[in-house]
Amino acid sequence: MLLSTSPLRSLSRYFSPGLPWLAVAPILFRDSQVSRVGYWIGWTERLVLILFSEQMRDRKKIKRHRRGLGRRRRAKPELEAHYQSELVDYISANGHRLVVGDLSIHLAKEFGFCYGVDRAVEYAYETLKSFPERRVWLVGEIIHNPHVNEKMLEMGIQFLFGRYGDGLGYDAVSREDVVILPAFGLPMEDMERLHRVGCDLVDTTCGSVIMVWKNVQSYAQEGFTSVIHGKFYHEETMATASRATDSGGHYLILLDLEETMLVCDYIRGAGMDQESFLERFEMAVSPGFDPDAHLERLGLANQTTMLMSESLQVAEALRRAMVDRYGEKQTSERFRNFETICSATQERQDAILELLEQPLDIMLVIGGYNSSNTNNLAHIAGRKVTTYHIDSAKGILPDNVIDYKPVGAKDPVTKEGWLTSGPLRIGITAGASTPNNEIGAAILHILEALELQLPEEVAAPI
Ligand code: SF4
């Protein structure tokens with residue numbers, strides 16, 4: 001049984017440097033007495049290697065691809081066909097403005113795919129080119145955009161969790177598979193689970209998310225509780241929070257200013273008691289969190305896609321509460337704040353604020369309904385102008401009908417007659433996970449609804 005072909009196969013796979021020796025041993029020890037020694041050395045080596053082959057297999061180095069897979073050139077044509085838009089390129093190159101008849105379209109200066117999303121999507125395409133014979137999984141949505149996730153499905157990538165999968169979970173993954181980690185990263189326990197499986201990992205975690213993890217880890221190591229401005233149910237925030245506990249620390253996740261003020265009251269010794277506090281923040285604190293002990297030293301971090309203005313308010317409110325409790329001098333020892341909103345989020349928020357300085361009748365925000373940064377763009381626009389948040393170009397229906405999510409609402413609604421006749425100025429932006437072709441298609445649907453045609457020099461495929 002020891003000499004069956006299967007261990008030999010695994011031997012050749014995990015210990016191939018031993019094979020040349022097995023092949024040449026009988027030749028080297030050809031003559032009589034030496035040949036008997038050679039014979040036994042050969043078989044002893046085989047035996048030892050076979051016995052250890054399973055252990056070698058278990059020690060197989062897990063391949064973690066963080067810098068692409070060297071198939072960028074081969075993936076490029078598909079990426080361009082699936083996500084680019086000549087129309088959007090044209091508008092961007094012409095002052096971010098398109099005028100057709102009475103309609104003027106004003107595109108934000110920064111919109112759509114950010115560097116982290118670009119990289120994550122590209123790695124997924126490269127993975128398929130690199131491992132055509134192997135099963136490729138995504139843990140969940142690679143980014144929060146329906147068009148992109150549907151494309152992944154179409155191309156044969158399967159989902160372990162979430163609405164695009166069959167709820168198979170990690171039990172479905174085998175050592176021979178390839179798993180793509182999303183741009184938001186994975187919690188530590190999930191990483192450990194995948195390491196135990198031993199499959200190949202294509203890690204698309206964005207560098208800006210890893211920066212947040214580093215802050216949170218150093219807070220934990222220095223005895224600070226990480227206060228994360230984010231959504232406790234968001235993949236990125238779950239992954240970040242797990243870095244705090246993994247480094248021996250605690251965390252508290254705050255959604256908004258309202259929740260922050262409750263914590264500020266507690267720090268000042270006012271407001272709710274300990275039990276009510278733990279009940280109120282049950283889902284948003286680390287196991288064993290004790291507000292009396294763990295609010296004494298605070299380190300702030302953000303989910304990278306939060307509203308910058310709110311993050312600043314959260315930080316300032318907590319700092320003031322610490323000053324009230326401990327005084328200015330001690331607060332400098334007890335309070336740390338590193339701004340961890342990513343530059344791509346910041347640029348898109350700045351660009352929409354700039355766009356809103358000009359008179360607009362309508363603002364169209366395009367991006368997944370579960371996309372945090374897209375919702376924040378809609379939130380900014382909604383303060384100033386009538387705003388329609390659609391998750392894809394399909395939201396713009398014929399006969400002047402739109403399916404959209406009102407700002408701050410959970411579910412989409414349908415509205416008729418959203419486009420008015422006469423002069424109409426529409427501002428458009430898109431979240432960091434929205435591809436340009438969705439923006440291009442949305443613009444064409446608007447033109448169709450208004451029975452307008454692109455001038456010939458502009459006419460271009462989506
Ligand atoms: S939004 Fe920011 S953190 Fe998220 S993937 Fe894009 S660049 Fe990275």
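Does ILE180 qualify as being at pLDDT 95 or above and among the β-branched types (Val, Ile, Thr)?
Yes, satisfied.
I need the full set of residues from region 80-97 which are assigned to a helix (DSSP H, G or I) and among the hydroxyl-bearing types (Ser, Thr, Tyr), in order please.
TYR83, TYR90, SER92
How many residues are buried (at least 20 other Cβ atoms within 10 Å of the Cβ) and out of contact with any strand residue (DSSP E or B) (no Cβ under 9 Å at 6 or more places or on another chain) when one looks only at region 308-321?
1
In region 302-339, which residue that is more than 19 Å from GLU110 (Cβ to Cβ) and of a type in the set (Ser, Thr, Tyr) is farthest from the ligand (Cβ to nearest atom)?
Checked region 302-339; the qualifying residue farthest from the ligand (Cβ to nearest atom) is TYR326.
Of the numbered conditions (1) farther than 30 Å from ARG297 by Cα; (2) surrounded by fewer than 23 Cβ atoms within 10 Å (Cβ to Cβ); (3) not hydroxyl-bearing (Ser, Thr, Tyr), LEU257 satisfies every one except a single condition; which is it?
All conditions are met except number (1).
Do we find that VAL117 is at pLDDT 90 or above and under 21 Å from the mean Cα position of the chain (by Cα) in this structure?
yes
Of all residues in region 370-387 being in contact with a helix residue (DSSP H, G or I) (Cβ under 8 Å, 6 or more places away or on another chain) and free of Cβ contacts under 8 Å to residues at least 60 places away in the same chain, which is farthest from the ligand (Cβ to nearest atom)?
So, considering only residues that are in contact with a helix residue (DSSP H, G or I) (Cβ under 8 Å, 6 or more places away or on another chain) and free of Cβ contacts under 8 Å to residues at least 60 places away in the same chain, the one farthest from the ligand (Cβ to nearest atom) is THR387.
Exactly one of these conditions fails for VAL216: (1) closer than 18 Å to MET322 by Cβ; (2) within 19 Å of the chain's Cα centre (by Cα). Give me its number.
In the conditions (1) closer than 18 Å to MET322 by Cβ; (2) within 19 Å of the chain's Cα centre (by Cα), VAL216 misses (1) alone.
Pull out all pairs, ordered by first then second residue, where Cβ-Cβ is under 8 Å, the residues are six or more apart or on different chains, the first lies in region 330-357 and is within 17 Å of ILE380 (Cα to Cα), and the second is small (Gly, Ala, Ser) and surrounded by fewer than 18 Cβ atoms within 10 Å (Cβ to Cβ).
No pair meets every condition.
If I filter region 337-347 for residues that are at pLDDT 95 or above and in contact with a helix residue (DSSP H, G or I) (Cβ under 9 Å, 6 or more places away or on another chain), do I get at least one hit?
No, there is no match, as no residue in region 337-347 is at pLDDT 95 or above and in contact with a helix residue (DSSP H, G or I) (Cβ under 9 Å, 6 or more places away or on another chain).
With ILE443, ILE426, ILE402 as the choices, which residue is closer than 24 Å to SER85 by Cα, in contact (Cβ under 8 Å) with a residue 12 or more places away in the chain, buried (at least 24 other Cβ atoms within 10 Å of the Cβ) and not small (Gly, Ala, Ser)?
ILE443
Quick one: is GLY68 at pLDDT below 75 and either of a type outside the set (Val, Ile, Thr) or not in a helix (DSSP H, G or I) (or both)?
So GLY68 fits the description; yes.
The values are calculated or read from the model by the stated rules, or taken from the named source; none is laboratory data. Just so we're clear, the structure is a prediction, and the values are computed from it rather than from any experiment. Backbone-built Cβ (ideal geometry, glycine too); neighbour counts: all protein chains shown.
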